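Below is one structure; the comments refer to it alone.
The values are calculated or read from the model by the stated rules, or taken from the named source; none is laboratory data. Quick caveat, the model's predicted, so the values are computed rather than measured. Note that we place each Cβ from the backbone using ideal geometry, even for glycine, and neighbour counts take in every protein chain shown. The accessibility values were calculated without ligands, DNA or RNA, using every heavy atom of the protein model including side chains. Shrake-Rupley method; radii C 1.70, N 1.55, O 1.52, S 1.80 Å.
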Amino acid sequence: MLRSEDLITATNKHVNHTTNKLLLMTASVEDQISKLREQIMLHNSSYYTHDNPIITDAEYDRLIQKLQKLESKHPELISPDSPTQKVGGTVLDGFSKINHEVPMLSLDNVFSSEELSDFITRINNRLNVSEEPVFCAEPKLDGLAISLLYQNGQLVRAATRGDGNVGEDVTHNVKTIKNIPHILKGKEIPETIEIRGEVVMPLAAFNAYNQQAKDQGEKGFVNPRNAAAGSLRQLDSTITAKRPLAFYSYGIGLIKNGVLANSHYQRLLQLKEWGLPVTDEIELKSGSKGCMEYYHSLLELRDSLPYEIDGIVYKIDDIKLQQQLGFVSRAPRWAIAHKFPAQEQQTTLLDVEFQVGRTGAITPVAILEPIFVGGVTISRASLHNQDEIERLGVKIGDTVVVRRAADVIPQITRSLADTHTTSKDIVFPSHCPVCQSEIERIEGEAVARCSGGLYCVAQRKEAIQYFASRKALNIDGLGEKVAEQLVDEGLIHNPADLFALTTEQLIDLERMGPKKAENLIRALTKSKQTTLAKFLLALGIREVGEATAKNLAEYFLTLDALKQADVETLQEVDDVGEIVAKHVEYFFRQPHNLEVIDALINAGIHWPAILPKEQKALPLAGKTYVLTGTLNQMKRNEAKASLQTLGAKVSGSVSAKTDCVVVGESAGSKLTKAQELNIPVIDENELILLFQTHNIE
Ligand code: IVH
């Protein structure tokens, strides 16, 4: 797709080659401006009117900025119908129209602290003051602007912004939004008051909705803004009622017969008192320094907020100053949006590679024209599986949207419309790209797998790496590169071969050398002492992660018991369902897996015996008691049985391992030995007390 930048560079090149530069320059600027306007108007219609954006917000902002720059250099070319002068949307057929008595405006954007300072300087010049003003700083919610009209405290009408002057009547739909009060509460409610704010789909609801859509192979919403807009602009309000939307107030439009504070911040607090939702993050901030502090703190919070925000809005707090500053065509002079770095960017899908994972899963990986998004450059992104490719309808050559919210792996969220003309279908391979074994896809499973098992070099490498990973056998120095070389050189075929490696064999590997080789051999030796849970995890049984491995170990206590378990028994283990149970049973029925396990045990891998869980939970678990002398109030056998019920081991002789000696009448050498070894001694009464404490008669 040709971008606006390309258009402009192309025209400028043309200009440089002309003789009558000035004349043509004007013509070409006009041309650029009209092309940009045409593009933006098309995007306005897709975005605002049809809730179906065909470029990212970042790309849209770039077009607007470009047009603004050109228009500010050539003010004679500004016309009232330019998108820089008007608010974006129009009214959809099917909705009644509503006239906004007070126009619903948009906001100008800044993208840096410099631009913010320029904005403040412009304000100060206009107000002819030198001290920077106080702002009410608010999150810029990414949803849909809505006007709510309350008459005598009752919600009577709700409308979208539309083109700023005429919006759509969405009263019925808005009334289904749970946090919008139908009746205001409290004192001094104006006779007529129009509340303005944003309708959003909270992120948790958005993610849940999209996950469900994904599970059903459906498209879902492209982003939370679109989800809110699409849900609210429904002709059938029962559909809106099913969508979890929320509203937050950020301002006041029309007001009749009512008194309000002279501070925007105080007004928002007043709205809160009347029962209207206001975000928790609003704050008063002084000058550019205060605003920047707020910007950074909210940017930090961005991913933990319940709603998606795309920046900050700073508003002059003093209403009188707001009135003094007034408006330009589409935006107030007293407010500005400070946009956050975009979490979505568009780029080209250059190719798709198919990767083979540890369990043979074939993952299509998108190779992208590198793009800077969410703070990093992305050139690859997982396409997960065939269903996902179909769901996205993506093809090689398409312009795609890459989304990267902080700490989340980058994702392709959609392919942009009308880009398929030169695109090529993504063909899922039928054979493993590494070992050529057949690729299988079990019915009902989303993942296709290479059937090669450990014959497949790719799976072998991954299996070795997994075996050595920190949470498994934790073999220091056995990372991706070493695992790869060991397999490629034919030095190992399975994890058990690792323990037969010699320093000499390792030294020859790339970037190894004698010291690292020795360290690796030492790490291998050290790794032989492990736990059953870690060993089970290291085996790489499908669907058996850290928690399941631990549960299996605690339930079966020994490897032999686990090996023999059938699907029914396996399902008695915490969190083990039929699928996991089947994978475990299958794994231990494969002779080659049993061979590898035997080889590992023979190589010296061992773990301490596990105490049964009940025993561990008992108060005297792990303690050794010795009974000596004559007990008067109970028989020795009874005392022994009670101690065992509490989890203690009862031994016949005193040693350093004894934890406590119970002394009856005429105790002899055992008491002396206990005293010599400094072992705690209790008498029969103390023993009875101990039993009573634990409810034993
Ligand atoms: S004030 C006259 N405050 O951003 C001032 N707008 O790009 C009008 N928005 O149409 C808007 N959060 O839909 C304001 N805290 C906030 C906002 C906010 C989100 C939206 C609103 C507006 C758009 C402008």
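Out of Asp81, Asp93, Asp118, Asp108, one residue alone is within 14 Å of the ligand (Cβ to nearest atom), open to solvent by 20 Å² or more (accessible area, probe 1.4 Å) and of a type in the set (Asp, Glu). It is Asp108. Taken as a whole, the structure leaves Val373 outside the set of residues that are over 22 Å from the mean Cα position of the chain (by Cα), open to solvent by less than 50 Å² (accessible area, probe 1.4 Å), of a type in the set (A, V, I, L, M) and away from the ligand (no atom under 16 Å from the Cβ).
Just so you know, in the range 233-277 the residues that are within 18 Å of Asp169 (Cβ to Cβ) and open to solvent by 40 Å² or more (accessible area, probe 1.4 Å) include one that is farthest from the ligand (Cβ to nearest atom), and it is Thr238. Across the range 97-130, the number of residues qualifying as under 40 Å from the mean Cα position of the chain (by Cα) and among the basic types (Lys, Arg) comes to 2. Anything in the range 37-53 that is open to solvent by 40 Å² or more (accessible area, probe 1.4 Å), in contact (Cβ under 8 Å) with a residue 40 or more places away in the chain and farther than 15 Å from Val91 by Cβ? List them, or say none. Of everything in the range 37-53, those that are open to solvent by 40 Å² or more (accessible area, probe 1.4 Å), in contact (Cβ under 8 Å) with a residue 40 or more places away in the chain and farther than 15 Å from Val91 by Cβ turn out to be Met41, Asn52.
Scanning the range 303-313 for residues that are more than 21 Å from Gly164 (Cβ to Cβ) and surrounded by 17 or more Cβ atoms within 10 Å (Cβ to Cβ) turns up Tyr307, Glu308, Ile309, Ile312.
Counting only strands (runs of 3 or more DSSP E) that sit completely within the range 127-229, those holding 1 or more residues that are touching a helix residue (DSSP H, G or I) at 6+ places or on another chain (Cβ under 7 Å), open to solvent by less than 60 Å² (accessible area, probe 1.4 Å) and within 16 Å of the ligand (Cβ to nearest atom) correspond to 134-141, 144-151, 154-160, 192-200.
Can you pull out the residues in the range 312-370 that are among the charged types (D, E, K, R) and within 15 Å of the ligand (Cβ to nearest atom)? The answer is Lys315, Asp317, Arg330, Arg333, Lys339. Restricting attention to the range 96-105, the residues being more than 13 Å from the ligand (Cβ to nearest atom) and open to solvent by 40 Å² or more (accessible area, probe 1.4 Å) number 4.
Condition check for Arg233 on (1) within 22 Å of Pro332 (Cα to Cα); (2) more than 27 Å from the chain's Cα centre (by Cα): one failure, at (1). Taking the stated definitions as given, is Leu383 over 29 Å from Leu416 (Cβ atoms) and either more than 14 Å from the ligand (Cβ to nearest atom) or open to solvent by less than 20 Å² (accessible area, probe 1.4 Å) (or both)? Considered against the rule, which asks whether it is over 29 Å from Leu416 (Cβ atoms) and either more than 14 Å from the ligand (Cβ to nearest atom) or open to solvent by less than 20 Å² (accessible area, probe 1.4 Å) (or both), Leu383 comes out as no. Filtered by the rule that a residue be open to solvent by 90 Å² or more (accessible area, probe 1.4 Å) and either at pLDDT 90 or above or hydroxyl-bearing (Ser, Thr, Tyr) (or both), the range 441-470 gives Tyr455, Arg470.
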